[in-house]
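The values are calculated or read from the model by the stated rules, or taken from the named source; none is laboratory data. Being a predicted model, the structure only gives us computed values, none of them experimental. Neighbour counts are summed over all protein chains in view; Cβ atoms, including those assigned to glycine, are modelled from backbone coordinates with ideal geometry. The area values use the complete protein model at the heavy-atom level, side chains included, leaving out ligands, DNA and RNA. Shrake-Rupley method; radii C 1.70, N 1.55, O 1.52, S 1.80 Å.
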Amino acid sequence: MFALAFLGLVEGDVKRITHGMDYNGRLCGVDEAVKDLPFLYYCGFLERAGDYPKHLNYQSRSCVAECPTNSSEQIPCIMPEFVNTTMLGGGVQGNLAFDSTFDVQITQSVAYQLSYPSEKHLDRYCVPKPTSENDLYSRVVNGPLKKISQFNGVVLSFKRAWPVILGVAVFAVLLGVGYLHMLKNYAGIVLYFTLWLGTVMTGLFGLFILYGLFPDPWDELGWYQQTSPIFVICVGPAARFSSLITGFVLLATSACMLFSVLNENIDESIGIVCAACDCILGQGSGCAFVVQPVTQAFAGAALMFALFVGYMLIASVTEIDRDLMSMNGIFVPKEPYAQQLMAKEVRTWYWELAMQFYVFGAVWLMITFITFCQFVTTYAVCDWFFIENDMQPNPAAQDLPEAVLKASSGKGKRVDGVRVRGVDKVAGGRSGYITRTGGIQMLVVPMGQRGPDGRDFIRVEKEISVKSLPGLCVMTEGICAGVFYHLGTIAVAGVVNLATAPFRAASEMFKTFVGAGGKPEYRAGAGGIDEEDRSRVGLIISGLGLLSTFLDEFFGRFSKNMLSDVVLRSTDFSTASSDAYEFVLDAGGVVALLHGGTGNYEVIGVIIITAKCALLNHLLLTKIYTFSSPESNLYVDEPGMMTLIAAAMACVIASGFMSLFSIASDTLLYTFVFGRKLYADQLKDFIPTPLMHMLGNEIEDAPSVALQAQPRSRLTRFSHAASKYKDTVMSTMRGRGGRSESSPLLVTSARQ
């Protein structure tokens, strides 16, 4: 890739992409002959209607000093070729006797034409002024200038809007840091609020995109066409079709998120989120973790810019072909005294192949970069976990009475059915603890709602664990380990992870609907044996659950969890992907329950931050006179595309911050199981306090066998479940005497 970019630098010229080329292959404002003629003008055919030609000749392009504003200027334009053929009879010339002669005369001239009113477009081109008399403007802009104007418009707009985009990127960093701090201090409120806000925002954005079915797809000046990201990229029927597909996908995603919100129990996730935030923003972590997503965002932006420049260099390698006239396969020879007037820009087949290869490599490189950053984060979390605890006084416990501290730790006798006068209207709604402090017995009763997992108190310890990371060295160590030992594994894992992500997302979607269906009902069968619900709805829910199991069994192992196994055991891709999934399932208990449970919050956090940054960027570019007025020197011609670029930058930054606590959550659980398996007798010296609150009962012994996965292969487990489900469905479809059963899903009593 870098060799191709270097060859493009040597043999190409980026100005061939950014400047117009006239009929003779000269770059307007660049080549010596047209150095003082920077604008490209499209000539018209001879037939005119008023001040404008009826049609434009896109092959007849001329360089002009200024765009003509009237129809009285003279513009040199190349005319269509005139071919005259004559069949001559025989004759004698010298020693040659001719039987017949076919005479061909091709004439092409550069003639002066009357101009038409035009205006500047992207500071490089002259286009017809928009008028109700014709549609020449839209034909040019949506025709030969479509791709060129988009590219040049983006480049020119970016030169003017980069301070705004940079400011939005800094705003995204502040939002990411603020989100993590709010999670650390107000996890419950933040998680609940973001779930609803993300769901509503996704649904509204889906409706906004779906509205693209109604506006004129060819009108680029409408408010919707300039606002919708679909219409910024596409035009015509493609824009409507893309709006339809994207809108339905967003609405379906919003529906799944709604079901997830209605069935989500955030209490299960608060504990692991707090543990992750303790790792990321803890007293001894410093800024090591917070710096990582910021560095990732700007390094990723620099990499994308470098790849984009490389693509421009390769795309600029073209040739000027003047062999456009031939007879019997023989081109008209070039003579010093006479050269063809018409020339065409062409690209050889091997450079076309080089461009495709470069795009493929650039995408792979970006995926590898993102996966590499995830590996570094995973490495740092594992390193943080195995730093021995330094127990220090808990600032949050200093102002709490001794009785409250004992009650929060579950010490003392529990009393249920307590009623607080003046607060509770009925009896029996609260629980308290009888503790002894200074020889005095006290009943401590919490007044607020119950904490995670139904606990009466949020547990507060007198001392908390503090782990001190050695500055940014841990990140440097992770980078070195990834580069020198695991780069190949990371390159493969990133691509496979992305390719299988839709299947894992579909599995989560099915789980959402299965969870929304509630728990299966049971009906008394023969001999008092309970049977699962065999109603049609029950079968559909069971089928979705089976499909979700299938997707998890075959694609779930390719998630980013494999990076934890790579870090801890230094395994390759094949071993890590096959062992990591089974390792979590076999762990059972709280680990299997909470592992992967922060994925929804990660996605929703990215959506919220990206949406806020995109809205801010759009408002700044469209409402501030400096960027929105055509009379301004900093006028941004493509605010929609700049908003897309800002949204992409904000999405990268938000993904870095959101994946930070998501990766930390899953890695802490994975590392806990790994430590319990190999270092059970020393694990208490390393496990952080928030994780101890959740997993303290599972340190010495793994959960019971009932919570563990059965010792079968994935294929065996799925085959057994599929066979059982097939038998259940088939049994409900059988009728008696060719008639369907009136109640086919009910279990009948066995005959004596």
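Being over 26 Å from LEU585 (Cα atoms), at pLDDT below 75 and assigned to a helix (DSSP H, G or I) is a description that applies to VAL537. As for region 345-367, it holds no residue that is closer than 20 Å to PHE661 by Cβ and assigned to a helix (DSSP H, G or I).
Return a yes/no flag: does region 152-175 have any residue that is in a helix (DSSP H, G or I) and touching a Gly at 6+ places or on another chain (Cβ under 8 Å).
Looking through region 152-175, none of the residues is in a helix (DSSP H, G or I) and touching a Gly at 6+ places or on another chain (Cβ under 8 Å).
Taking region 16-44 as the range and being without any contact (Cβ under 8 Å) to a residue 60 or more places away in the chain, touching a strand residue (DSSP E or B) at 6+ places or on another chain (Cβ under 9 Å) and in a helix (DSSP H, G or I) as the test, the residues that pass are ALA33, VAL34. Scanning region 185-208 for residues that are surrounded by fewer than 18 Cβ atoms within 10 Å (Cβ to Cβ) and not hydroxyl-bearing (Ser, Thr, Tyr) returns ASN185, ILE189, PHE193, TRP196, LEU197, VAL200, GLY203, LEU204, LEU207, PHE208.
Restricting region 228-252 to residues that are among the polar types (S, T, N, Q) and buried (at least 20 other Cβ atoms within 10 Å of the Cβ) leaves a set whose member that is modelled with the lowest pLDDT is SER228. Residues that are open to solvent by 20 Å² or more (accessible area, probe 1.4 Å), in contact (Cβ under 8 Å) with a residue 24 or more places away in the chain and of a type in the set (S, T, N, Q) within region 653-688 comprise just one, SER655. Take LEU197 and decide whether it is at pLDDT 85 or above and of a type in the set (A, V, I, L, M). Judged against the criteria, LEU197 is not a match. When the criteria are applied in full, TYR522 fails the requirement of being modelled with pLDDT of 80 or more, surrounded by fewer than 16 Cβ atoms within 10 Å (Cβ to Cβ) and either closer than 22 Å to PHE583 by Cα or of a type outside the set (A, V, I, L, M, F, W, C) (or both).
Yes/no matrix, rows are residues, columns are (1) open to solvent by 30 Å² or more (accessible area, probe 1.4 Å); (2) of a type in the set (Val, Ile, Thr):
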{"position": "LEU122", "(1), (2)": "no, no"}
{"position": "THR131", "(1), (2)": "yes, yes"}
{"position": "ILE148", "(1), (2)": "yes, yes"}
{"position": "VAL170", "(1), (2)": "yes, yes"}
{"position": "MET182", "(1), (2)": "yes, no"}
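Restricting ALA275, ALA343 to residues that are in contact with a Pro (Cβ under 7 Å, 6 or more places away or on another chain) and modelled with pLDDT of 75 or more narrows the list to ALA275. Restrict the check to region 625-637 and report whether at least one residue is buried (at least 23 other Cβ atoms within 10 Å of the Cβ), farther than 21 Å from ILE230 by Cβ, of a type in the set (S, T, N, Q) and modelled with pLDDT of 85 or more. Scanning region 625-637 turns up no residue that is buried (at least 23 other Cβ atoms within 10 Å of the Cβ), farther than 21 Å from ILE230 by Cβ, of a type in the set (S, T, N, Q) and modelled with pLDDT of 85 or more.
Might you let me know whether region 471-482 holds any residue that is surrounded by 14 or more Cβ atoms within 10 Å (Cβ to Cβ) and modelled with pLDDT under 75? Yes.
Test ALA111 against the stated conditions and say whether it is at pLDDT 90 or above and over 30 Å from ASP216 (Cβ atoms). Yes: the conditions hold for ALA111.
Residue pairs, Cβ under 9 Å, 6 or more apart or interchain, first in region 45-67 and on the phi > 0 side of the Ramachandran plot, second open to solvent by 90 Å² or more (accessible area, probe 1.4 Å). List them. Pairs found: GLY50/GLU133. For region 24-67, filtered to residues that are under 26 Å from GLY12 (Cβ atoms) and of a type in the set (Lys, Arg), the residue that is least open to solvent (accessible area, probe 1.4 Å) is ARG61.
Residue check: is LEU174 surrounded by fewer than 14 Cβ atoms within 10 Å (Cβ to Cβ) and either in contact with a Leu (Cβ under 9 Å, 6 or more places away or on another chain) or at pLDDT 85 or above (or both)? So LEU174 passes the test.
When VAL127 is tested against (1) assigned to a helix (DSSP H, G or I); (2) in contact (Cβ under 8 Å) with a residue 24 or more places away in the chain; (3) within 30 Å of TYR41 (Cα to Cα), exactly one condition is not met: (1).
Looking only at residues in region 213-227 that are part of a helix (DSSP H, G or I) and under 17 Å from VAL141 (Cβ atoms), the one that is modelled with the lowest pLDDT is GLN226.
Among the residues of region 70-112, just one is under 30 Å from LEU37 (Cβ atoms), open to solvent by 50 Å² or more (accessible area, probe 1.4 Å) and touching an Asp or Glu at 6+ places or on another chain (Cβ under 6 Å), namely ILE106.
Is it the case, given these coordinates, that VAL606 is modelled with pLDDT under 85, open to solvent by less than 40 Å² (accessible area, probe 1.4 Å) and among the aliphatic types (A, V, I, L, M)? Considered against the rule, which asks whether it is modelled with pLDDT under 85, open to solvent by less than 40 Å² (accessible area, probe 1.4 Å) and among the aliphatic types (A, V, I, L, M), VAL606 comes out as no.
Residues in region 209-227 that are open to solvent by 10 Å² or more (accessible area, probe 1.4 Å) and within 22 Å of PRO130 (Cα to Cα): PRO215, ASP216, PRO217, TRP218, ASP219, GLU220, LEU221, GLY222, TRP223, GLN225, GLN226, THR227.
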